[in-house]
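Below: one structure, written as structure tokens.
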Amino acid sequence: MKRVVLSALVFGLVGWLVSPVMAQEKIAPPAPPVAAVPAQPCIERTYTCYKPVVKERMITEVVCRLVPKEEKYTCTVYVPVWKDVKRLESYCVPVMRTVESVCTVLVPVTVQEKRVVRECSLIQKEVDYPCTVMVPKTYQEKRVICCPEIQRKLVEEIVPVCKLVRVECKDACGNCYTTCQRVMETQKVTREVCVRVMTTKEVMVNVVRCEPQTRIAKKIVCTPVYTDKVILCNVTKCVPTQQKVKSTVCELVAKQREVVCKVMECVPQPQTGTRTIYTTVQETVTRKVLCTEMVPFTQVVRIPVCDSCCTSCYTPRCRSCCR
């Protein structure tokens, strides 16, 4: 019995998977294979399958809609109004008066007092001290110096020389005349040239050198000497004394006066206006809706059967059916 239920579930699942594809592509179920020699007999089974189909459907639903409506209303508005009101206000007036008071004054008084003063006096005396002095001495030394000497010699040179030479010429009429023309010639000239030649020679030079010498010198040294003595000095001290002083004091006296000030009051006033009120109204509306429905269709499946299968459930060696 379990095998029958399992086989039915398997065939149903295969049909459900194959049916949408065949319906979408519009392909007929595959034909049974044509064999030259059928090896096993087959049994045809018909199954009912379902496929989804999108359809249009008219539905009726209730829709809420806002309907505007104008209505009149009455309200109370407070309007500010300014009024003149008399009020009493307090103000202060300064009043000057003379007041006599006793105060303590510090009066400077000069008093002579004895004070001990330390004086410093300087005592001068001569003191010997050793010092080093650089004494210059002159020595004669031989030094080799370079000094230029001028030597004269004769030099031959070729120099260009200009000369005026008389030349006979003829004019356009055939007359002869003599003119002087400048001619450049080279001549050999001998002249005397001074040449500077550096020579060395020994000379005696005076050289000054400083030699240190120790000497005893004298210097004046000041030594401070401190002495104490008593002197009289004037000291100023401040002595407190009480004195009567007159001073002018300013006092504030409070007075009242009547003033007129503006006060704002809110006066209620009724006003009428118009406002819009929206009311919700329900309406029945019919519209088109896309729905998906499962449409049944039949499918034929060929099942191979062997000799040992059961003729009722077509399963091999079914004991429950073959008893």
Meets criteria (of a type in the set (A, V, I, L, M), surrounded by 10 or more Cβ atoms within 10 Å (Cβ to Cβ) and part of a strand (DSSP E or B)) for V144 | no
Restricting the first residue to region 134-152 and requiring it to be touching a residue at least 24 places away in the same chain (Cβ under 8 Å), which pairs with a second residue that is outside any strand (DSSP E or B) and surrounded by 10 or more Cβ atoms within 10 Å (Cβ to Cβ) meet a Cβ separation below 7 Å and a spacing of at least six or different chains?
-> none
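Test W16 against the stated conditions and say whether it is modelled with pLDDT of 55 or more and either small (G, A, S) or not in a strand (DSSP E or B) (or both).
So W16 passes the test.
Here's the yes/no breakdown for (1) farther than 30 Å from T98 by Cβ; (2) in contact (Cβ under 8 Å) with a residue 12 or more places away in the chain; (3) of a type in the set (A, V, I, L, M):
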site: L232; (1), (2), (3): yes, yes, yes
site: T248; (1), (2), (3): no, yes, no
site: C261; (1), (2), (3): yes, yes, no
site: T272; (1), (2), (3): yes, yes, no
site: I277; (1), (2), (3): yes, yes, yes
site: R287; (1), (2), (3): yes, yes, no
site: T292; (1), (2), (3): yes, yes, no
Residue within region 117-132 that is closer than 30 Å to M198 by Cβ and surrounded by fewer than 10 Cβ atoms within 10 Å (Cβ to Cβ) present = no
So, first residue over 30 Å from K188 (Cα atoms) and surrounded by 10 or more Cβ atoms within 10 Å (Cβ to Cβ) in region 162-174, second residue modelled with pLDDT of 80 or more and of a type in the set (A, V, I, L, M, F, W, C), Cβ within less than 9 Å, six or more apart or across chains; the pairs are C169/C176
Determine which member of the set V245, V289 is out of contact with any Gly (no Cβ under 7 Å at 6 or more places or on another chain), closer than 30 Å to P52 by Cα and either surrounded by 10 or more Cβ atoms within 10 Å (Cβ to Cβ) or acidic (D, E) (or both).
-> V289
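The values are calculated or read from the model by the stated rules, or taken from the named source; none is laboratory data. Keep in mind it's a predicted model, so treat the numbers as computed, not measured. Note that each Cβ is placed from the backbone with ideal geometry, even for glycine, and that neighbours are counted across all protein chains shown.
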